[in-house]
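Read through the structure below, which is laid out as C-alpha cells, and then see the notes.
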Amino acid sequence: MGETERITTDLDDHIPVALEVSNLRKTYADLVAVDGISFTVRRGEIFGLLGPNGAGKTTTLECLEGLRRADAGRLDVLGVDPTNDPSRLNKLIGVQLQASGLPSTMSCADAMRFFCSYHGVEPRWDLLEAFGLLEHEANRYDELSTGLQRRLALTLAIAHEPQVLILDEPTAGLDVASRTELHRVVRELSDQGTTVLLATHDMAEAERMTDRVAIMLRGQIVATGSPRDLTATADGLTKVSVRSERNTLFDDLDLPAVVQHSASDGYAVVFTADIAATVTSIIDALDAAGDPLIDLRVERPSLEERFLELTSVP
Ligand code: ATP
C-alpha cells in the first residue's frame, strides 16, 4: 500500500472548490506525519478524513486551520493561504477541536459571549437552545458532561456562520441522540452551502454523513471516493443469504461466481463476485427444485470492511 489506490471522478466540476490541499507534507523531527497528500473539497461538500490512529488526520486539519506550518505543499481555503493570512482565515472557518481549549472555569454563556465578540457577531443563544445547552448556560465548562462539552464546542464553531467547518472526531463521546442531532445539524449546514471537513474513526458515521472520504494510512492517502464508490470497488465479496422452504440449496450447491458457501441460522450463505449471476441462478435452482423462496438478502461490504482491507498491514 502507499500509492493512491483510486481517485474517483464524481466531483462535480461546476461546483467551486472550497479547499485545496496539494502535496502537503509535515514532519515532526524524524517522523513524517503527512507525506505529500493532495485532495480537493467542493463547496457544500461533507468530506471525511478517515484513518487509524496516527495516520496524520489531525495534523492535516491543523495545517488547514493555520495552527501548524506545513513543511511543503500548497493549501488553499477559499482563496486564503492558512499560514499567511490567519485573520482572514478565522472569519471563513469554524473549528471544533478534539479537545476544546476553553478555560475550565468559563461558563457556557461566557464562552458564547467570548467567541461571538471575537468574531464580531451577536451571541447565538438560539444555538445554545438548539443543542440543549441553554439550561446549562451558567455551568462551568468542567461541570459539563463530555457530550455537553462537545456540543458546546460545535455550537461555538458554527456561531459566526463560517463557510468552512472543520470537525475533529465530532461525535466522540456523544450518546446516540446527540450524535443523530449533530449529524442532522451538519447535514443542514452543508445543505445551506457550508463546506465540512471532518476527521473520524467512526466508519458508520462516515458512511452515513459524508459525500466523499479520503482514507489515510501512515501519512498518505490510500483511497479517495464516495463511501458508495469505495465499497463498490472492494475486492471483498458480496454476501448473499437465502432461506427456502425445504432448504434444497444446503445440499449440492453449484452456482457461478460463488467463492464460499456455508449454512448459518437456517440460511444458505454464499459469497460471490457476481451478484447478478448468483442471484439469478439461486432463483432458477429453487424453481427447478420446486422449493419456494422465503427470504433472500444481499449485503454489500461496509465501509468498515473496506477500510480494514485498505489499512491492514500486510
Ligand atoms: P488520531 O486518530 O490518533 O488522532 P491522527 O490520524 O489524527 O491520529 P496525527 O495526530 O496527525 O494522526 O499524528 C500523526 C503522527 O504524528 C503520529 O505518529 C503522532 O504521534 C505524530 N504527532 C502528532 N503531533 C505531534 C507533535 N506535536 N509532535 C510530535 N509528533 C506528533
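Brief remarks on what is shown
- Taking segment 277-314 as the range and being at pLDDT 80 or above and either assigned to a strand (DSSP E or B) or under 30 Å from the mean Cα position of the chain (by Cα) (or both) as the test, the residues that pass are L293, I294, D295, L296, R297, V298, E299.
- Checking R74 against (1) under 13 Å from L24 (Cα atoms); (2) more than 15 Å from the ligand (Cβ to nearest atom); (3) touching a helix residue (DSSP H, G or I) at 6+ places or on another chain (Cβ under 8 Å), the condition it does not meet: (3)
Matching residues to (1) at pLDDT below 90; (2) within 26 Å of I93 (Cβ to Cβ); (3) among the aliphatic types (A, V, I, L, M); (4) assigned by TED's automatic domain parsing to the domain that holds V32:
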position	(1), (2), (3), (4)
V196	no, yes, yes, yes
I221	no, yes, yes, yes
R243	no, no, no, no
F250	yes, no, no, no
S262	yes, no, no, no
A273	yes, no, yes, no
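- Breaking point among (1) within 18 Å of L102 (Cβ to Cβ); (2) without any contact (Cβ under 8 Å) to a residue 40 or more places away in the chain, for D126: (1)
- Looking across segment 45-82, the residues that are assigned to a loop (DSSP other than H, G, I, E, B), within 14 Å of the chain's Cα centre (by Cα) and crowded, with 21+ Cβ neighbours inside 10 Å come down to E45, G51.
- Any hit, segment 93-107, residues being modelled with pLDDT under 90, away from the ligand (no atom under 16 Å from the Cβ) and within 24 Å of T200 (Cα to Cα): yes
- Scan of segment 160-179 for residues that are within 16 Å of the ligand (Cβ to nearest atom) and either in a loop (DSSP other than H, G, I, E, B) or over 22 Å from Q192 (Cα atoms) (or both), ordered by number: E169, P170, T171, A172, G173
- Subset of segment 126-141 (residues that are assigned to a helix (DSSP H, G or I) and closer than 13 Å to D110 by Cβ): L128, H136, Y141
- The requirement of being more than 16 Å from the ligand (Cβ to nearest atom), buried (at least 16 other Cβ atoms within 10 Å of the Cβ) and at pLDDT below 90 is satisfied by L11.
The values are calculated or read from the model by the stated rules, or taken from the named source; none is laboratory data. Just so you know, these numbers come straight off a predicted model, no measurement behind them. A quick note on method: Cβ atoms are made from the backbone with ideal geometry, for glycine too, and the neighbour counts reach across all protein chains shown.
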